[in-house]
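The next block holds one structure in the form of structure tokens; read it before the comments.
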Amino acid sequence: MALATEGLAGAASLAGDAGDAARLLAEAARIRPLPPAERTDADRITARIADAAGP
């Protein structure tokens, strides 16, 4: 479930919807916190969200 939610967050971030991406990524983390070795996709999504938010 967490991986699917993380995937939806990635799709939302690619579609330019940073708000939904952030919400979905937070939900995925609530379901199952990711160990550092599995954070690559989550970190990429977080970077897109930060870029969309600007400085």
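Brief remarks follow.
- Between 21, 37, 15, 50, the distinction of being modelled with pLDDT of 95 or more and exposed (fewer than 14 other Cβ atoms within 10 Å of the Cβ) belongs to 15 only.
- Helices (runs of 4 or more DSSP H) enclosed by the chain - at least 2 residues per element that are over 11 Å from the mean Cα position of the chain (by Cα) and not charged (D, E, K, R): 40-53
- Residue pairs whose Cβ atoms lie under 8 Å apart, separated by 6 or more positions or on different chains, with the first residue in the stretch 29-55 and farther than 14 Å from residue 4 by Cβ and the second part of a loop (DSSP other than H, G, I, E, B), are 52/16.
The values are calculated or read from the model by the stated rules, or taken from the named source; none is laboratory data. Values in this document were obtained by computation on a predicted structure and should not be read as measured data. Here Cβ is always computed from backbone atoms with ideal geometry, including for glycine, and neighbour counts include all displayed protein chains.
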